[in-house]
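Report on the following structure.
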Amino acid sequence: MKPRYSRAFAKNLKEKAMMTQDEMKQAVARAAIEHVPAGIIGVGTGSTANFFIDELARIKGKIDAAVASSVATAERLKKHGIQVIDLNEAGEMEVYVDGADEITRHMAMIKGGGGALTREKIVAACAKKFVCIIDQSKLVDVMGTFPLPVEVIPMARSYVARQLVKMGGNPVLRSGFTTDNGNVILDVHGMSILDPVAMETEINQIVGVVTVGLFARRGADVCLMGTPEGVKTLTR
Ligand code: 5RP
């Protein structure tokens, strides 16, 4: 039997069902503005971070400057007339806002889908609060479905790949891609990341690894998640 809904209720249901991933990203970008204090803020990389930069432009008078986690982010910030400064000039910041490829309820993340993981981790380390902005597709129980990015010094590529195979992964060189730091990325498939802190530590210790895209030792403090029902806030 067909359920009976009022027209308004049915319209609302339809609108929710049609909410796109980009609309959810836009909604969290807007919500993240509430977490932006006056002063200097750290800004991440990727499509969700891009929506955030566009929102930040509306309140640019409130902030003094931004620290960018990639060349692409720096360019977008500058296009909006937002001053970009070097991290060494900025010192400790109140907030870093960035997206993620996967996040758990414990606020551990996989990042680096856009290849900016090293600078993202550095800028995040200098912020008191990490605000992660995602659409609901990024929330997972166990990370590893998204291939884990590892930034590697080019000459160590094969050595690092062999070590990752010993750990049970299937590393694939990201084709035609060089990071802002002049390195390559191995995307590691098939990892079931049950202990993200231990795995982050282990991979970081492989000689030739610059950064692993696991952000577990320093995870997010707040996660704003876009859903068809609105933005949900998750905390540790
Ligand atoms: C870039 C990143 C991004 O935060 C991550 O890939 C998510 O990107 P998007 O917001 O486009 O889904 O880590 O290195």
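The values are calculated or read from the model by the stated rules, or taken from the named source; none is laboratory data. Remember, it's a predicted structure, so these values are computed and weren't measured experimentally. Every residue, glycine as well, gets a Cβ built from its backbone with ideal geometry; the counts of neighbours run over all protein chains shown. Remember, those area values only see protein heavy atoms, side chains included, never the ligands or the DNA or RNA. Shrake-Rupley method; radii C 1.70, N 1.55, O 1.52, S 1.80 Å.
Of note:
- Sorting the segments 132-141, 210-219 by their residues' average number of neighbouring beta-carbon atoms within 10 angstrom, most packed first, yields 210-219, 132-141.
- Of all DSSP-defined beta bridges confined to region 90-176, some 25% are antiparallel rather than parallel.
- Value of relative contact order over the chain, rounded to a whole percent, pairs C-alpha under 8 Å and six or more apart: 22 percent
- Calculated accessible area for region 58-125 comes out at 45 Å² per residue, all protein chains present (probe 1.4 Å; ligands, DNA, RNA ignored).
- Peptides 108-116, 72-80, 161-169 ordered by average Cβ neighbours within 10 Å, highest first: 108-116, 72-80, 161-169
- Ranked from largest to smallest solvent-accessible area, with a 1.4 Å probe on the protein heavy atoms, Val150, Val142 come out as Val142, Val150.
- Among the protein heavy atoms of the chain, carbon and sulfur supply 52% of the accessible surface, probe 1.4 Å, non-protein parts ignored.
- Residues whose amide H comes within less than 5 Å of that of Met143, counting only those at least five positions distant or on another chain, are Ile193 (H built at 1.01 Å from N in the peptide plane).
- The ellipsoid that matches the Cα gyration tensor of the chain has semi-axes, each √(5λ) in whole angstrom, of 31, 25, 15, with the longest given first.
- For the chain, share of DSSP beta bridges that run antiparallel, in % to the nearest 5: 55 percent
- Heavy atoms of the protein chains alone define the surface here; on that basis region 143-223 has 47 Å² accessible area per residue at 1.4 Å probe size.
- Across the options Ile122, Val140, Ala156, the greatest Cα extent toward the positive end of the charge dipole of region 112-156 (unit charges at beta carbon of Lys, Arg, Asp, Glu) belongs to Ile122.
- Basic side chains Lys and Arg get +1 at the Cβ, acidic Asp and Glu get -1 at the Cβ, and with that the dipole of region 97-207 about its Cα centre reaches some 180 debye.
- Whole-Å distance, taken between Cα centres, linking region 31-57 and region 101-124: 16 Å
- Distance between region 69-98 and region 183-236 - C-alpha centres, whole angstrom: 22 Å
- Largest GNM mean-square fluctuation among Val188, Val197, Val123, using the chain with Cα springs under 10 Å: Val197.
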